[in-house]
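This report refers to the structure that appears directly beneath it.
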Amino acid sequence: MKRHLLSAADLTLEDATLVLDTAEELEKVSERTVKKLPTLRGRTVVNLFFEDSTRTKTSFELAAKRLSADVINFSAKGSSVSKGETLKDTALTLEAMGSDAVVCRHSWSGAPANLSRWIRGSVVNAGDGTHEHPTQALLDAFTMRRRLGRIEGLKVTIVGDILHSRVARSNVLLLKTLGADVTLVAPPTLLPVGVEVWPAQVSYDLDAVLPKSDVVMMLRVQRERMGAAYFPSVREYSRRYGLDVRRVTALSDDAIVMHPGPMVRGMEIAPEVADGVRSTIMEQVANGVSVRMAVLYLLLGGSEPAIGSDS
Amino acid sequence: MTAAHRPRPVTGDPAAARPVLQGPDITRVVDRMAHELLEKTGGGGDVVLLGIPTRGITLARRLAARIAAFEGLTVPTGSLDITLYRDDLRLKSPRALEATDVPADGIDGKLIVLVDDVLFSGRSVRAALDALADLGRPRAVQLAVLVDRGHRELPIRADYVGKNIPTSLRETVHVMLTEDDGRDAVLLGPADLGRLDKAGQA
């Protein structure tokens, strides 16, 4: 059976818990002198990145290498894509070279889903347009569980550009599965159409939500995806929706501050907050490698995948 | 982790399984193994006991407890999960991982005694040796098993054996320990599973 990780909604509670528990054990590998396991020896993972990414691409590459898989990095820039090759031809070409899995990032929402119908191997969505980024949601959930000891019942507030955020969508879906209560906070212009049917509450008032939050996840305003102005000015956005030193004092003692990166210091998050004791930003990066190792192991490590959606 | 304390299902007809060792037998066997270990390691000074999940961990703890009772010596114990080093990974769906917990002092220069419940093909021990090599460089590695049922497929032997049980390839060996299964017993049953699904595979 061929299986993929295209959406956070592909994961049942058992799947998601299996990924988090597996990541917990794999985390120990990152603390060893020999940070390598023989598990995926002889398997080939293609990193197919049509959109700029440092963090995610490096993280997937490191995860695959720590499991001894061979990694092919493919960026759209300087490739046949710039000569007019289609996504399908590119994917089939890479598969003809013997890849077992494709990790795909694309600016089109749904590109990895298309890919999964064309190729024989497993597809992992590493971020598609404004749609989903399931491994980010998994690493965020992993970070919450490590810091706070649980996910069920947590009050998670996601603040910022929900409209363009694949991180927000994947987090809402996964956190729903894992039993957390999610509140989205954003200016009305940065909320997607149909947000009322998402399994989350919506608020426009950050100050009212903060004291009740266990987790505050700040999102970057994705100005590269914006044609027109969605808010009057950076300063006004920052004043209403930015997490500054004053707002952090409203948080409960144990509350944590998360950011999927890249962050714009001084806009959605103050530098003092980003570097503060509540901040999990660097932990999220480190946890990303363990979580992606877990996903690759569970998809590729056996005779058939243990998680994900059937194709 | 998730599977750590799951009782091993006794497959097939439990009534057909024949007890080879029961309650007090296992206690006496573990006592003897603890004495042998102390004798062969010259007092157990630099010994670290690493159990292979699940019942190997329980046995390692029991051995450590007996050594403490006999000699007043605290032997560090830990666990070593071999899942990611197995040579049959690709024959089954990926399995949940068990805990690997190595004592804080590490394994460099130590005398590692691997502890498992059943020694069979030797493939688990091969995987454990590979896993150990990635964790450090022990002074030496020894192997302690509660049951050696024969049928080795690799050049591996145990240093401490609780009981040698001659078996046919079609039979299954179930080790049950009170901490994991509610009672102490070693059951020898008729085979009802394929060669690769055998209980107590080792």
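Table for the structure above
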read-out	value
Residue match in region B:124-135 (condition: under 21 Å from B:THR58 (Cα atoms), of a type in the set (Lys, Arg) and either more than 14 Å from chain A (Cβ to nearest Cβ) or part of a loop (DSSP other than H, G, I, E, B) (or both))	no
Output for region B:57-94, where each listed residue is crowded, with 20+ Cβ neighbours inside 10 Å, among the basic types (Lys, Arg) and within 14 Å of chain A (Cβ to nearest Cβ)	B:ARG86
Residues (within 20 Å of B:ALA60 (Cβ to Cβ), assigned to a loop (DSSP other than H, G, I, E, B) and in contact (Cβ under 8 Å) with a residue 60 or more places away in the chain) located in region B:158-193	B:ASP159, B:LEU177, B:GLY182, B:ARG183, B:ASP184
Pair list, Cβ under 6 Å, 6 or more apart: region A:1-22 residue closer than 14 Å to A:ASN171 by Cβ, other residue of a type in the set (Val, Ile, Thr) and part of a helix (DSSP H, G or I)	A:ALA16/A:THR177
Selection within region A:202-219 - open to solvent by 20 Å² or more (accessible area, probe 1.4 Å) and under 25 Å from A:GLY129 (Cβ atoms)	A:VAL202
Exclusive hit being in contact with a Phe, Trp or Tyr (Cβ under 9 Å, 6 or more places away or on another chain), in a loop (DSSP other than H, G, I, E, B), surrounded by 16 or more Cβ atoms within 10 Å (Cβ to Cβ) and within 14 Å of another protein chain (Cβ to nearest Cβ), set A:THR39, A:THR22	A:THR39
Any chance A:ALA63 is touching a helix residue (DSSP H, G or I) at 6+ places or on another chain (Cβ under 6 Å), in contact (Cβ under 8 Å) with a residue 12 or more places away in the chain, farther than 30 Å from B:LEU97 by Cα and hydrophobic (A, V, I, L, M, F, W, C)	no
Meets criteria (open to solvent by less than 50 Å² (accessible area, probe 1.4 Å) and within 30 Å of A:GLU14 (Cβ to Cβ)) for A:VAL182	yes
When residues of region A:189-201 are limited to those that are farther than 22 Å from A:SER233 by Cβ and either among the aliphatic types (A, V, I, L, M) or outside the structural domain of A:SER233 (by TED's automatic domain parsing) (or both), the one surrounded by the most Cβ atoms within 10 Å (Cβ to Cβ)	A:ALA200
Those residues of region A:236-261 which are in a loop (DSSP other than H, G, I, E, B) and open to solvent by 70 Å² or more (accessible area, probe 1.4 Å), in sequence order	A:THR249, A:ASP253, A:ASP254
Selection count where residues are modelled with pLDDT under 95, open to solvent by 40 Å² or more (accessible area, probe 1.4 Å) and of a type outside the set (Val, Ile, Thr), scope region A:56-76	2
Residue satisfying all of: in region A:27-36; facing chain B (nearest Cβ under 9 Å) and under 15 Å from B:LEU97 (Cβ atoms); most open to solvent (accessible area, probe 1.4 Å) among these	A:LYS28
The listed residue being surrounded by fewer than 24 Cβ atoms within 10 Å (Cβ to Cβ) and touching a Pro at 6+ places or on another chain (Cβ under 8 Å), out of A:HIS131, A:HIS106	A:HIS106
Residue list for region B:97-123, filter: surrounded by 18 or more Cβ atoms within 10 Å (Cβ to Cβ) and within 12 Å of another protein chain (Cβ to nearest Cβ)	B:LEU97, B:GLU98, B:THR100, B:VAL102, B:ILE107
Any strands (runs of 3 or more DSSP E) falling wholly within region B:1-90 and containing at least 3 residues that are at pLDDT 95 or above	B:47-51, B:77-79
Residue within region A:288-309 that is touching a Ser or Thr at 6+ places or on another chain (Cβ under 6 Å), open to solvent by less than 30 Å² (accessible area, probe 1.4 Å), in a loop (DSSP other than H, G, I, E, B) and modelled with pLDDT of 95 or more present	no
Failed criterion for A:SER233 (all others in (1) open to solvent by 20 Å² or more (accessible area, probe 1.4 Å); (2) closer than 13 Å to A:VAL156 by Cβ hold)	(2)
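The values are calculated or read from the model by the stated rules, or taken from the named source; none is laboratory data. This one's a predicted model, so the numbers in the text were calculated from it and none came from an experiment. In this analysis, Cβ positions are derived from the backbone assuming ideal geometry, glycine residues included, and neighbour counts consider all displayed protein chains. Surface accessibility is based on the protein's heavy atoms, side chains included, excluding ligands, DNA and RNA. Shrake-Rupley method; radii C 1.70, N 1.55, O 1.52, S 1.80 Å.
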